[in-house]
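The values are calculated or read from the model by the stated rules, or taken from the named source; none is laboratory data. Here the structure is a predicted model, which means the values were calculated and not measured. All accessible areas refer to the heavy atoms of the entire protein, side chains included, with ligands and DNA or RNA removed. Shrake-Rupley method; radii C 1.70, N 1.55, O 1.52, S 1.80 Å.
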Amino acid sequence: MSVRISEVDSTDHGFSLLVEQDVAVTAQEFDLALGRPRGMGRWFGIHVTWPTSLDNQLHVGSAIEFDAPVGPFTFDYVMIVADRVPGESLMLRTTKGFADVIMEYAWQPTSSGVTVQLRADFRLRGGLWWKRPWARMMAHRRLAQGLERMRRDLAAGQPGELATSSTEHPSRGTGHGVRAAAHGRHAGTHHKATGRRRAQRA
């Protein structure tokens, strides 16, 4: 496995991981693949329930609802696109889930493709802080596996095939409402990655 992963921050209630991977596609190809829910579902083994059109490009304010396996359990998550700079970066953050998560992708072209950096910040809520060692182990494994699947799929020209949509729970109390609310909050937040992270922590 060619993934490089390290822990860059740690507190009693959370941790941050930095994952790096080289991918043999152009920056434009990676930007298009990353912006589709289908690819994320395939890479990270999640079942996407919203949006129903998994090949539509994500934009600032878009919401993704999914069921994610965490050990022997499955949790409902909602993530929104908090920021996106086409060709440079994509930031997602949770509005519902087992933990508060911010995931920020950034990529740079190289002579053989792109180098992708994913910074993932996790914070366990309330009394769940004591699960931090277990959560860190699960996140480490899931992120490493996900970026390796991403590399293989994109190198083979297959930007994710296993994510599926469902119409059994079309609203689940989120979906359109989350997307509309998120769009209003974040429509003007295109900034550089360092500035975004500093503002988020402040």
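Solvent exposure of region 1-131 amounts to 41 Å² per residue of accessible area, where only protein heavy atoms count and the probe is 1.4 Å. Compute the Rg to Rh ratio over region 13-72 from the alpha carbon atoms, using the Kirkwood formula for Rh, and round to two decimal places. Answer for region 13-72: 1.01. A probe of 1.4 angstrom, applied to the heavy atoms of all protein chains, finds R36 with accessible area near 70 square angstrom. Give me the percent of accessible area attributable to carbon and sulfur for region 2-56, probe 1.4 angstrom. Accessible surface attributable to carbon and sulfur in region 2-56 totals 48 percent.
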